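The next block holds one structure in the form of structure tokens; read it before the comments.
Derivation of every value follows stated rules applied to the coordinates shown; laboratory data play no part. As the structure is a computational prediction, the values presented were derived from the model and not from experiment. All Cβ positions, even for glycine, are placed from backbone atoms using ideal geometry, and neighbour counts span all protein chains on display.
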Amino acid sequence: MSDQEKEEIIRTAIRAFPDFPSPGICFRDITPVLKDPLAFCSVIDLFEKHLRANFPKIDVIAGLDSRGFLFGPSLAQRFNIGFLLIRKKGKLPGPTESVSYSLEYGKAELEMQYDAVEPGQKVVLIDDLLATGGLGQDLYFFQEMNSNSA
Ligand SMILES: O=P(O)(O)OC[C@H]1O[C@H](OP(=O)(O)OP(=O)(O)O)[C@H](O)[C@@H]1O
Ligand SMILES: Nc1ncnc2[nH]cnc12
């Protein structure tokens, strides 16, 4: 199957819900992608292809709470590398680093364990969608921890 066909399967599966969770927001619902093995596999295939083409060295896949957790582990398996959790505040034990950011609706704070990444490791952040790009701040989060974000 071509990449274009995979993209079409994914695009068709994602549903749009206007005015959810508040007026003016068009919510993109990925749950049908998870229900359909072909759509889910297409997502992982395209992520993998993109990463292999653009990043020669990847040490860790990091998933953003919570929808990044749905795709990250399957992708990490493709590369035979580890997966780490970046969680909403207060969920991870031990020393953590945190960052606050604004979302399309509301604000949030993310945390990761201080020893989750070794200095110099190349980390790929995985999530389901970009709305305002507020999560781009996570790049600074990783830089602060002496890592390199791909
Ligand atoms: O581009 P942005 O404005 O940063 O928004 C995108 C982020 O918002 C959603 O997560 P949310 O915080 O709603 O959490 P959830 O995955 O637990 O629903 C989505 O899964 C992305 O992580
Ligand atoms: N428009 C949107 N659809 C789905 N999830 C979101 N998270 C933030 N904005 C979103």
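Label-to-label distance, LEU130 versus PHE79, with points set 7 angstrom from Cα along the beta-carbon direction: 1.7 nm.
Counting pairs of Cα atoms in the chain, how many percent are more than 22 Å apart?
Values: 4968 of 11175 pairs.
Tail of the P(r) past 22 Å holds 44 percent of the pairs.
In this structure, the amide hydrogen of ALA62, modeled 1.01 Å from its nitrogen in the peptide plane, lies closer than 5 angstrom to those of LEU84, VAL124, LEU125, ILE126, counting only residues at least 5 positions away or on a different chain.
About its Cα centre, the dipole of the chain is roughly 140 debye, where the only charges are +1 on Lys and Arg Cβ and -1 on Asp and Glu Cβ. For the chain, averaging the sequence separation of C-alpha pairs within contact (under 8 Å, six or more residues apart) and dividing by the residue count gives a relative contact order of 19 percent. By the beta-carbon count within 10 Å of each Cβ, the least crowded to most crowded order of THR96, THR132, fewest first, is THR132, THR96.
Here the Karplus relation 6.51 cos²θ - 1.76 cosθ + 1.60, evaluated at θ = phi - 60°, turns the backbone of region 38-47 into coupling constants of 5, 5, 5, 4, 5, 4, 5, 4, 6, 4 Hz, with x for every Gly and Pro. Distance from the Cα centroid of region 3-29 to that of region 45-81 is 22 Å (rounded to whole angstrom). A full extension of the chain between GLN113 and LYS49 corresponds to an added length of 20.2 nm, given 0.36 nm per residue minus the alpha carbon distance. Under 5 Å between amide hydrogens, built in the peptide plane, is the criterion, and for GLU104 it picks out THR132 among residues at least 5 positions away or on other chains.
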